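These notes concern the structure reproduced below.
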Amino acid sequence: MKIRRQARAIALQTLFEVDSVGHAAPDILTRLAEEANLAADGVAFARALVLGVIEHTARFDSAIAKHAPEWPVEQLAIVDRNILRLALFELQFVPDVPIKVAVNEAVELAKLFGSDNAPRFVNGVLGAFLQEHSAGELRSMKPA
């Protein structure tokens, strides 16, 4: 498994545990990274993802609510909600990850960890988000 893909999976698992039972993100991330024997650069990438999602959760949840209005964010499956948050973080704050890669990786996470409908749902929400924002606009977004 590629290092960044593995880091994304660990970041998602960390966010899932934080979201579902409220454990401390750094402790979860350290444990999962050690269990997976994740390389140091993968740990750094996963940490950046987790901390970025946590810092901007309200912003990402607003975007999800806007682009999936029939699904209240708090009622989404925890996995789906956190896959979307991760992808939105990458789309807006990780310029070395191409937009297409961020979306494809989110769909792959949905295939691995989500329900049968999760990949289509994740792709649809991210597609709606991207229709509203140009690539240049995405990469110039600053924290609110």
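In the elastic network of the chain, a GNM with C-alpha springs shorter than 10 Å, the most mobile of Ala128, Ala106, Ala25 is Ala128.
Per the Debye formula on identical point scatterers at the alpha carbon atoms of segment 1-51, with no solvent, log10 I(q)/I(0) at q = 0.13, 0.15 Å⁻¹ is -0.23, -0.30.
Between the listed residues Leu126, Leu32, Pro95, the Cα displaced farthest toward the positive end of the dipole of the chain, a dipole computed from Cβ unit charges relative to the Cα centre, is found at Pro95.
When the chain is treated as a Gaussian network with alpha carbon springs shorter than 10 Å, the biggest mean-square fluctuation among Asp27, Asp61, Asp19 belongs to Asp27.
Ordered from longest to shortest, the equivalent ellipsoid semi-axes for segment 38-105 are 22, 13, 11 Å, each the square root of 5 times a Cα gyration tensor eigenvalue. Calculated mean residue ellipticity at 222 nm for the chain: -24500 deg cm²/dmol, from DSSP H runs with n ≥ 4 weighted as -39500 (n - 2.57), summed, divided by the residue count and rounded to 500. Between the helical axis of 78-93 and the longest alpha-carbon principal axis of the chain there is an angle of about 80 degrees. Between His23 and Lys66, residue separation times 0.36 nm minus the direct Cα-Cα distance comes to 12.7 nm. Pick from Leu84, Leu49, Leu38 the residue whose mean-square fluctuation is largest in a GNM of the chain, springs joining Cα atoms under 10 Å. Comparing Leu84, Leu49, Leu38 in the GNM, the peak value goes to Leu38. Quarter the surface of the alpha carbon convex hull of the chain and you get the mean projected area, 8.0 square nanometres. Pairs of lysine residues in the chain that meet both criteria, 8 or more places apart or on different chains and Cα atoms under 20 Å apart, total 4.
Each value in this text was obtained by applying a stated rule to the coordinates, not by laboratory testing. Treat the numbers as computed from the prediction; the structure is a model and nothing was measured. All Cβ positions, even for glycine, are placed from backbone atoms using ideal geometry, and neighbour counts span all protein chains on display.
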